[in-house]
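Below you'll find the structure, written out as structure tokens, and then a few comments.
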């Protein structure tokens, strides 16, 4: 067996383990998942897991890295703009996050669960997501330079906005909040509402009119 073949097989096994983990996380939750559950789902020997990952947390980090790499590709979208004076630019970011949550909800839920019970992982999560947060901060700083009255330091505002997006989106998608409060609401309504709140936070109550 050549070195190239071994690398290809290793990559395939790693991918199979990650797919299996996603399936198990979705079915029974991250905290309730054991490594043997993942290897069983993948049809692999239990010991094979440690050839590719040091722990369940390291596998989750790899899934997060895949998610971030995919999200990075969205910035090449011609509709992407950092001009947060433009309501549509804010909405694009909210919509991109919304779609990411739809696609990767199992990973995002697992990250939240892991961070709650593991301080080291919570710190690592902050480190891994720092570039994405910095990207948002740059847009806020640009808006402030253009005259927007931010309610606080751009990094703190970015953190608050990201927390809001996570909470609102997860409640809407995972817990059916729209069914309880607004049964006729669509995803577009949820995205618009979240965009309006964030836009008002950036520009203040006397800012530009937001779409309703």
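Read-outs throughout are calculated quantities, based only on the coordinates presented, and are distinct from any laboratory measurement. From a predicted model like this one, the values you see are computed outputs, not experimental measurements. Glycine gets a Cβ as well: all are built from the backbone with ideal geometry, and neighbour counts include every protein chain shown.
The separation of region 1-64 from region 123-199, counted between C-alpha centres, amounts to 32 Å.
Return the inverse of the average 1/r over all pairs of distinct C-alpha atoms in region 2-117, which is the Kirkwood hydrodynamic radius, in Å to one decimal.
Values: mean 1/r = 0.0629 Å⁻¹.
With all distinct Cα pairs of region 2-117 included, I get 15.9 Å.
Mean silhouette area of region 1-53, derived from the convex hull of its C-alpha atoms and averaged over all directions, reads 3.5 nm². I'd like the orientation of helix 187-203 relative to the chain: the angle between its Cα long axis and the longest Cα principal axis, in ° from 0 to 90, rounded to 10. Between the helix axis and the principal axis of the chain, the angle is about 60 degrees.
With a simple spin-label model that places each label point 7 Å from the Cα along the Cα-to-Cβ direction, the separation between residue 164 and residue 128 comes to 2.7 nm.
The angle separating the long axis of helix 3-28 from the principal Cα axis of greatest extent in the chain is about 60 degrees.
Stretch residue 7-residue 135 to full length: gain in nm at 0.36 nm per residue minus the Cα-Cα span? Please list the in-between numbers first.
Numbers: separation 128, 0.36 × 128 = 46.08 nm, distance 3.40 nm.
This chain segment gains 42.7 nm when fully extended.
Under the criterion of Cα pairs below 8 Å and six or more residues apart, the relative contact order for region 18-99 equals 17 percent.
Take every Cα-Cα distance within the chain, group them into 5 Å bins from 0 onward, and report for each bin the whole-number percent of pairs it holds. P(r) for the chain, in whole percents per bin: 1, 6, 13, 16, 16, 14, 12, 8, 6, 4, 2, 1, 0, 0. Using alpha-carbon pairs under 8 Å, 6+ residues apart, how would you state the relative contact order of the chain in percent? Relative contact order, the chain: 20 percent. In the chain, the longest principal axis of the Cα atoms and the axis of helix 119-145 are about 30 degrees apart.
Once the Cβ-Cβ distance of residue 96 and residue 50 is raised to the sixth power relative to R0 = 45 Å, the FRET efficiency obtained is 0.80.
Work out, step by step, the length gained on full extension between residue 145 and residue 66: first 0.36 nm times the residue separation, then minus their alpha carbon distance; give nm to one decimal.
Numbers: separation 79, 0.36 × 79 = 28.44 nm, distance 3.35 nm.
Contour length minus Cα-Cα distance gives 25.1 nm.
For the chain, the mean residue ellipticity at 222 nm estimated from helices alone is -25000 deg cm²/dmol, where every DSSP H run of n ≥ 4 contributes -39500 (n - 2.57) and the total is divided by all residues, rounded to the nearest 500.
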